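Notes follow the structure.
Please treat every number below as a calculation from the coordinates, not as lab data. Every value quoted in this text rests on a predicted model; they were computed, and no experiment measured them. Cβ: placed from backbone, ideal geometry, glycine included. Neighbour counts: every protein chain shown.
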Amino acid sequence: MDARLDYFGNALGAKVLRHINSANKVLTDSTLPQTTQELVKIRASQINGCGFCTDMHTKDAAHAGETPQRLHLVATWREATVFTDAERAALELAEQGTRIADAAGGVSDEAWADAAKHYDEDQLAALLSLIAVINAYNRVNVINQTPAGGYQPGQFG
């Protein structure tokens, strides 16, 4: 499979990605736990059917020490006992924020309140922004049919 467009090599596409990458760097440097960040990226990417991002973030998480068991259970986190209450709240917010079009009410007050029990205001801002950023990456890659499987941890710096 080949991507529809060499988006990374296209001058305009590369410029857009530099801006999205800059936003992502702010989030990476935030106080939102890195483990939570990767779990959220993986779950949103699974929901959006983004093979490229699912490949990238599962590999990055494993490289950072995440266990295979937890990585295999992200898609079924509600039934899994291996996630903390804080991670579960972040995953719920990620799911509702990613599936915004599927729910007439958007993100529920209950999901927000649960996340607010576990994360301070800066972490909530980071979590909200992370959900938006990973959804942007997913859409670029899904629309472009960016192939999955070849990512190496640290490939993009």
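Tabulated data for the structure shown
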item	result
Under 15 Å, Cβ to Cβ, from Pro153 - net charge with Lys/Arg +1 and Asp/Glu -1	-2
Proximal charge balance of Thr31 [Cβ under 12 Å; K/R count +1, D/E count -1]	-4
In region 99-157, the chymotrypsin sites (Phe, Trp or Tyr not before Pro) that fall in loop regions by DSSP, at most 14 other Cβ within 10 Å	Phe156
The chain: most fluctuating residue of Ala111, Ala44, Ala14 per GNM, C-alpha cutoff 10 Å	Ala14
Nearby lysines by direct alpha-carbon distance to Lys25 (threshold 22 angstrom, same-chain neighbours under 8 apart not counted)	Lys15, Lys41, Lys59
Computed [θ] at 222 nm, deg cm²/dmol, the chain (DSSP H ≥ 4; -39,500 (n - 2.57); rounded to nearest 500)	-20500 deg cm²/dmol
Label-to-label distance, nm, for residues given as Ala116 and Arg78 (7 Å Cα→Cβ offset)	2.4 nm
Listed residue (Thr36, Ser22, Gly49) projecting farthest to the positive dipole end of region 1-95, Cβ model	Ser22
Crossing angle, helix 109-118 versus the chain [Cα axis fit, 0-90 degrees, rounded to tens]	90 degrees
Kirkwood-type radius of the chain, with distances r between different C-alpha atoms, in Å	16.0 Å
Normalised contact order of the chain, rounded percent, pairs of Cα under 8 Å and 6 or more residues apart	39 percent
Given charges at beta-carbon only (K, R positive; D, E negative), |dipole| of the chain in Debye	560 debye
Stretchable slack from Arg4 to Val26, in nm (0.36 nm times residue separation minus alpha-carbon distance)	5.0 nm
Using alpha-carbon coordinates, inclination of helix 51-63 to the longest axis of the chain, degrees	70 degrees
